[in-house]
Amino acid sequence: MRFKTLAASGAAAVALALAGAAQAQQKYEMKLAYFVGDQHAMSQWLIKWSEGLEKGSGGRLVVKRFPSAQMGPTPGHYDFARTGQADVSWFLHGGTPGRFPLTEIINLPFMAGSAEIGTKVINDTQLRAKYLDAEHKGIKLLMLFTHQPGGPHTTKKAIRSLEDFKGLRIRFASPTVRDLVQALGATPVGVPPTEIAEQLQKGTIDGAFMDYGGVGIAFKLGGTVKYSTELYAYVTSFGLGMNEDFWAKLPPDLKKLVTDSVSGKEAEVGQAWDSLDVPGKKAVIDGGGEAIKFSAAENAKVRQIGAEVSEAKVKEYEGKGLPGRAVYFEMRALSDKHAKTSKNFWN
């Protein structure tokens with residue numbers, strides 16, 4: 001009996017070892033979806049990131065990329081990861097308005113003076129654990145991002161003062177930016193990122209609230225955009241999420257590889273976004289565009305309007321039973337903290 005028990009134990013151990021060896025050799029195809037072209041700064045980071053996973057896994061992770069909304073429209077990218085249509089997806093919070101209200105507080109006017117600051121803020125461990133991760137239901141949230149601050153870029157009419165916003169149809173990227181556009185006196189219009197160029201060229205919209213990197217490099221709007229008013233008024237937030245079932249089937253060493261690949265990368269990604277400001281602006285100017293700065297008095301008015309928009313949004317969230325004020329103040333404190341050691345376009 002003792003011999004049979006030992007034999008059975010040995011057989012089980014061998015089977016377990018063989019299973020572990022098989023898992024160590026198993027390949028995992030990872031479908032990665034994102035809605036912008038491969039020339040975009042974030043796409044370049046995703047390509048580098050995915051290639052790092054392939055190399056670090058010794059070829060066990062094989063990434064198949066779906067750029068330029070090949071998998072489907074921008075608003076669907078969060079659900080692509082949630083449902084498993086994609087294994088990993090880069091998504092725009094503003095693509096599904098109202099779904100991530102606390103996360104989108106970072107998009108309120110003048111919350112972060114750079115992508116580096118914004119990305120550091122919304123990846124704060126305590127902020128995410130207490131408020132933000134819970135909004136991202138149904139996925140394994142890997143990392144959050146913001147682009148560098150943006151402002152209005154227009155095709156025919158220059159915005160040199162607050163009065164110039166009146167009558168313009170301006171594209172917005174998120175509900176919070178929509179509220180700012182309206183408060184400034186323009187008409188906010190929702191347009192997916194992939195359709196911005198076409199709508200500007202057709203005259204369906206008169207301009208867009210965007211960052212220089214998006215205007216000059218990602219969407220190549222130099223020559224289309226003629227006036228860029230440098231408000232640096234807001235950032236837009238994004239996320240990178242993995243399908244929960246895909247995460248669950250990865251062995252421990254590959255889970256560690258994925259986790260390590262997005263840990264402590266806030267400055268790296270933020271600086272990559274911020275570095276696009278200069279070449280993005282150059283592309284606009286080279287295309288015949290004009291850069292415009294508000295006077296100190298006009299800029300102060302914009303900031304006051306921004307503060308009013310922020311207060312209204314916080315009150316709206318509080319009225320829905322959400323901790324809007326607590327998140328707002330925590331994000332502001334983190335923004336002020338990181339501004340001391342990060343790029344800041346407001347200086």
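Taken over segment 304-347, the criterion of being in a helix (DSSP H, G or I) and open to solvent by 90 Å² or more (accessible area, probe 1.4 Å) is satisfied by GLN304, GLU308, LYS315, PHE329, LYS337.
Could you list all residues from segment 157-185 that are assigned to a loop (DSSP other than H, G, I, E, B) and among the β-branched types (Val, Ile, Thr)?
Passing the criteria: only ILE159.
Scanning segment 276-296 for residues that are surrounded by 16 or more Cβ atoms within 10 Å (Cβ to Cβ) and out of contact with any Lys or Arg (no Cβ under 7 Å at 6 or more places or on another chain) yields LEU276, ASP277, GLY280, LYS281, ALA283, VAL284, GLY287, PHE294.
Consider segment 122-143 and keep the residues that are among the hydrophobic types (A, V, I, L, M, F, W, C) and without any contact (Cβ under 8 Å) to a residue 24 or more places away in the chain. The one that is most open to solvent (accessible area, probe 1.4 Å) is ALA129.
Only one of these is β-branched (Val, Ile, Thr) and surrounded by fewer than 18 Cβ atoms within 10 Å (Cβ to Cβ): THR194, THR119, THR146. Name it. On inspection, the qualifying residue turns out to be THR194. Report, ordered by the first and then the second residue, all pairs with beta carbons closer than 6 Å, sequence separation of six or more or different chains, a first member in segment 45-64 that is farther than 20 Å from SER275 by Cβ, and a second member that is open to solvent by less than 40 Å² (accessible area, probe 1.4 Å) and among the aromatic types (Phe, Trp, Tyr). Matching pairs, first to second residue: LEU61/TYR28.
When we screen ALA291, ALA283 for residues that are outside any helix (DSSP H, G or I) and either under 27 Å from HIS40 (Cβ atoms) or touching a helix residue (DSSP H, G or I) at 6+ places or on another chain (Cβ under 8 Å) (or both), the only hit is ALA291. Flag: PRO101 does not match the condition of being open to solvent by less than 10 Å² (accessible area, probe 1.4 Å) and farther than 30 Å from LEU257 by Cβ.
The values are calculated or read from the model by the stated rules, or taken from the named source; none is laboratory data. What you are looking at is a predicted structure, and each value in this text was computed from that prediction instead of being measured. Backbone-built Cβ (ideal geometry, glycine too); neighbour counts: all protein chains shown. Ligands, DNA and RNA are excluded from the accessible area calculation, which covers all protein heavy atoms including side chains. Shrake-Rupley method; radii C 1.70, N 1.55, O 1.52, S 1.80 Å.
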